[in-house]
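Input: a single structure, listed below in structure tokens.
Read-outs throughout are calculated quantities, based only on the coordinates presented, and are distinct from any laboratory measurement. Keep in mind that what you see is a predicted model, and the values were worked out from it rather than measured. So basically every Cβ, Gly included, is an ideal-geometry build from the backbone, and we count neighbours across all protein chains shown.
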Amino acid sequence: MKVPQLDLNSLHEPIQDELRAALDRVLVSGRFIGGAEVDAFEKEIAPIVGASHAVAISNGTDAIAVAMQALGVKAGDEVLTSPFTFFGTAAAIVRLGATPVFVDIDPVNYGLKGERVYDYIDDA
């Protein structure tokens with residue numbers, strides 16, 4: 001028996017009518033990038049996450065790149081990251097001209113090992 005990794009149908013089914021209506025609005029408007037649906041999403045999600053503003057990004061890799069740009073990551077920088085992540089994390093780092101540095105992870109929580117992070121921090 002195959003066990004599905006992620007059953008999107010079970011997530012979409014309860015809100016199927018709402019999703020179809022939103023898709024129809026996008027198709028009718030012809031605005032596949034930005035537009036009223038994205039504006040409405042940004043306004044709705046900001047207070048939910050406790051922010052005064054929100055910006056929708058096309059995908060997770062772009063979101064990581066935008067966040068790193070906001071932090072000032074630039075060409076020549078080294079960025080510590082986990083080897084236990086989607087390849088888009090390293091791709092976003094490389095896209096900015098920085099170098100991904102893979103740090104050991106904790107086998108219990110799969111986060112970066114704190115003591116290993118300190119190995120990469122300059123004392124200067």
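Using only the C-alpha atoms of region 83-124, find the volume of their convex hull and express it per residue in Å³.
Roughly 69 Å³ of hull volume per residue.
Could you tell me the relative contact order of the chain? Use alpha-carbon pairs under 8 Å, at least six residues apart, and round to a whole percent. Show your work: numbers first, answer last.
Numbers: 96 pairs, mean separation 18.2, N = 124.
RCO, the chain: 15 percent.
What is region 60-118's relative contact order, in percent, from Cα pairs under 8 angstrom and six or more apart in sequence?
34 percent
Can you pull out the chymotrypsin sites (Phe, Trp or Tyr not before Pro) in region 38-89 whose DSSP state is coil and whose Cβ has at most 16 other Cβ atoms within 10 Å?
Details: sites: Phe41, Phe84, Phe86, Phe87; in loops: Phe84, Phe86.
Passing sites in region 38-89 are Phe84, Phe86.
Loop only per DSSP, at most 14 neighbouring Cβ atoms within 10 Å: give me the trypsin sites (Lys or Arg not before Pro) in region 1-95, ordered by residue number.
In loop regions of region 1-95 (DSSP not H, G, I, E or B), the sparsely surrounded trypsin sites (Lys or Arg not before Pro) are Lys2, Arg31, Lys74.
Pick out which of Leu71, Leu80, Leu11 has the largest mean-square fluctuation in a Gaussian network model of the chain, springs linking Cα atoms closer than 10 Å.
In this elastic network of the chain, the residue with the biggest mean-square fluctuation among Leu71, Leu80, Leu11 is Leu11.
I need the Debye-formula profile for the chain: one equal scatterer per C-alpha, no solvent, reported as log10 I(q)/I(0) at q = 0.09, 0.10, 0.21 1/Å, two decimals.
Relative scattering, expressed as log10 I(q)/I(0), comes to -0.43, -0.53, -1.21.
Gain in length, Ile33 to Glu78, computed as 0.36 nm per residue apart minus the alpha-carbon separation, to one decimal in nm?
Values: separation 45, 0.36 × 45 = 16.20 nm, distance 3.22 nm.
Roughly 13.0 nm would be gained on extension.
Check which residues have an amide H placed less than 5 Å from Asp77's amide H, if you skip close sequence neighbours.
Correct list: Thr99.
What is region 8-48 by shape, rounded, prolate or oblate, if you read a ≥ b ≥ c off the alpha carbon gyration tensor as root eigenvalues and call it rounded for a/c under 1.5, prolate for a/b larger than b/c, and oblate otherwise?
It is oblate, given that a/c is not under 1.5 and a/b is not larger than b/c.
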